[in-house]
Amino acid sequence: MRSLSWLLVLAFLPTAALAADPDWAYPVAPQGLPRPDAAKIVKVPGSDKEYNEVQVNDAFGPPDWFPGDHAPLPPVVANGVKPAVRACALCHLTTGDGHPESANVAGLNAPYIMRTLRDFAMGRRKGIRTGVMAEIAKGLTPEDARAAADYFAERKPVAGYMKVVEKAEVPKTNVGEGAMRFVTPNGGDEPIGNRIIVVPQDEPGARARNPRTGFLAYVPPGSLAKGEALATNGGGGKTVACAICHGEGLKGLGEVPSLAGRDAIYLARQLMDIKSGNRTGAWIALMQPVVAKLDEGDIIALAAYAASRAP
């Protein structure tokens, strides 16, 4: 009851303004990118499989580089259902660890995944990053939704897949395919400013959808300490301790999702979407007062801290 009282108090506090959909958090793939080349063969270390670039990007048959790393894939995860339901593995990968343009869904509890799919289908998730998932969710049968939710809920998030590094100067980057950000060759460095910059730990692996290849999140210096203060004690009244709902170590509690070790830029987007009203729903209503007083720097710090925790 005490945590609910805090939520009710925070609901009437003034809100902190945020820049509308900052491009560092909501990158958009540019027009005119080269089309996948069917003549170009792609391989990844440790796998005896090979695909061409078209197959790597096949929305209804993306690569499964390491079948031995996971349980048998449900058909909807491996292949989707034409014409609207793309294979889950295309963006979330066979492991559920995902890419920055999607979400790390590995180890999320099945009821939460099901509820999120319903929210997409009902238009409760809006904005430039949600159109594809809304279309997919609307096309899913209840059986396929359950199969995908159960599969990803059994996955264990991989430690080190998301590495968080505080850095004042970061490599210059560009947005490429999949709305992923890549280091610009010979581009030099630039100040990070008030941003999170996520790049692949191994660029060819990310382009190949290699599920053993993770990502590196650069965050402003001081983000982790600031995020810890906000997450553990509310930052002196700006919010409430995250563990009240998200559990010890941010590893989840009941149907409330785990946050630890998940993608920093994705976590930032969710906090921004909840604050702006682009993400709504019965459970999200409890989060709205929690984010009411957070500014963009607070959100960056919280996302960085949660992403840095062991999953």
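Convert each backbone phi in segment 102-119 into a coupling constant with the Karplus relation 6.51 cos²θ - 1.76 cosθ + 1.60 (shift: θ = phi - 60°), then list the ³J(HN,Hα) values in order as whole Hz, x for Gly and Pro.
10, 8, 7, 9, 5, x, 5, 5, 4, x, 5, 4, 4, 5, 5, 4, 5, 5
May I ask which residue of MET180, TRP283, GLY131 lies farthest towards the positive end of the charge dipole of the chain, with charges of +1 (Lys, Arg) and -1 (Asp, Glu) on Cβ and the Cα centre as origin?
Positive-most Cα among the choices belongs to TRP283.
Collect residues whose amide H, placed 1.01 Å from N in the peptide plane, falls under 5 Å from the amide H of PHE215; neighbours closer than 5 in sequence don't count.
MET162, LYS163, GLN201
From the phi angles alone, apply the Karplus equation (6.51, -1.76, 1.60; θ = phi - 60°) to segment 32-39 and give each ³J(HN,Hα) in whole Hz, x where the residue is Gly or Pro.
Karplus values, whole Hz, x for Gly and Pro: x, 5, x, 6, x, 9, 5, 8.
If you place +1 on the Cβ of every Lys and Arg, -1 on the Cβ of every Asp and Glu, and leave all else neutral, what size is the dipole of the chain about its Cα centre, to the nearest 20 Debye?
Details: 34 positive and 32 negative charges, 128 e Å.
For the chain, the charge dipole is close to 620 debye.
log10 I(q)/I(0), Debye, Cα-only segment 237-293, no solvent, q = 0.23, 0.26, 0.29 Å⁻¹?
Log-scaled intensity ratios, in q order: -1.05, -1.28, -1.38.
From the phi of every residue in segment 157-165, what ³J(HN,Hα) in whole Hz does the Karplus formula 6.51 cos²θ - 1.76 cosθ + 1.60 yield, where θ is phi - 60° and glycine or proline is x?
Calculated HN-Hα couplings, in order: x, 8, 5, x, 5, 10, 9, 10, 10 Hz.
If I take the Cα coordinates of the chain and project them onto the principal axes, what are the three extents in Å, biggest first?
Dimensions of the chain along the principal axes of its Cα atoms: 59, 49, 33 Å.
Could you sort 107-120, 20-33, 60-73 so that the peptide with the highest average Cβ count within 10 Å comes first and the rest follow in order?
Order by mean packing, descending: 107-120, 60-73, 20-33.
Out of residues 5 or more away from TYR51 or on other chains, whose amide H comes under 5 Å of its own, with H placed 1.01 Å from N in the peptide plane?
VAL42
So, with +1 on the Cβ of K and R and -1 on the Cβ of D and E, and no other charges, what is the size of the charge dipole of segment 221-311 about its Cα centre, to the nearest 20 debye?
On the way: 9 positive and 8 negative charges, 5 e Å.
It works out to roughly 20 debye.
If you fit an axis through the alpha-carbon atoms of helix 264-276 and take the longest principal axis of the Cα set of the chain, what angle between them do you get, 0 to 90°, nearest 10?
50 degrees
Between PHE60, GLY261, ALA147, whose Cα lies farthest towards the positive end of the dipole of the chain when Lys and Arg beta carbons carry +1 and Asp and Glu beta carbons carry -1, centred on the Cα centre?
Going by the Cα projections, it comes out as ALA147.
Within segment 63-103, what residues put their amide N at less than 19 Å from the label point 7 Å along the Cα-to-Cβ vector of GLU143?
72-88
Note down the net charge around PRO72, summing +1 for each Lys or Arg and -1 for each Asp or Glu among other residues with Cβ under 14 Å from its Cβ. Display every interim value, and only then the final one.
Values: positive: ARG155; negative: ASP64, ASP69, ASP150, GLU154.
So the environment of PRO72 carries a net charge of -3.
Taking K and R as +1 and D and E as -1, what net charge do the other residues with C-beta under 11 Å from the C-beta of PHE60 add up to? Can you show the working numbers first?
Numbers: positive: LYS82, ARG86; negative: ASP58.
Its environment carries a net charge of +1.
Would you mind telling me the share, in percent, of accessible area of the chain contributed by carbon and sulfur at probe 1.4 angstrom?
Numbers: 8300 of 14530 Å².
The nonpolar share, carbon plus sulfur, comes to 57 percent.
Tell me the accessible surface of TYR151 in square angstrom (1.4 angstrom probe, heavy atoms of protein chains only), to the nearest ten.
Accessible area, nearest 10 Å²: 20 Å².
Just to confirm my numbers, what's the Cα centroid distance between segment 259-311 and segment 138-182 in Å?
15 Å
Dividing the Cα convex hull volume of segment 56-189 by residue count, how many Å³ per residue is that?
Working: hull volume 18.0 nm³, N = 134.
Per residue, the Cα convex hull of segment 56-189 comes to 135 Å³.
Counting pairs of Cα atoms in segment 187-263, how many percent are more than 16 Å apart?
On the way: 1915 of 2926 pairs.
Of all Cα-Cα pairs in segment 187-263, 65 percent lie more than 16 Å apart.
Counting heavy atoms of the protein chains only and a 1.4 Å probe, report the per residue accessible area for the chain as a whole number of Å².
Details: 14530 Å² over 311 residues.
Accessible surface, normalised per residue, equals 47 Å².
Multiplying the sequence separation of ALA39 and ASP189 by 0.36 nm and subtracting their Cα-Cα distance, what value in nm do you get?
Residue separation times 0.36 nm, minus the Cα-Cα distance, leaves 50.5 nm.
Note down the nm distance, to one decimal, between modelled labels 7 Å out along Cα→Cβ at ASP150 and at GLU203.
Modelled inter-label distance: 4.2 nm.
The values are calculated or read from the model by the stated rules, or taken from the named source; none is laboratory data. The structure presented is a predicted model; accordingly, all values stated were derived computationally and were not measured. Ideal geometry is used to build each Cβ from the backbone, glycine not excepted, and the neighbour counts take in all protein chains shown. Each accessible area value is taken on the protein alone, full model and side chains, heavy atoms only, with ligands, DNA and RNA left out. Shrake-Rupley method; radii C 1.70, N 1.55, O 1.52, S 1.80 Å.
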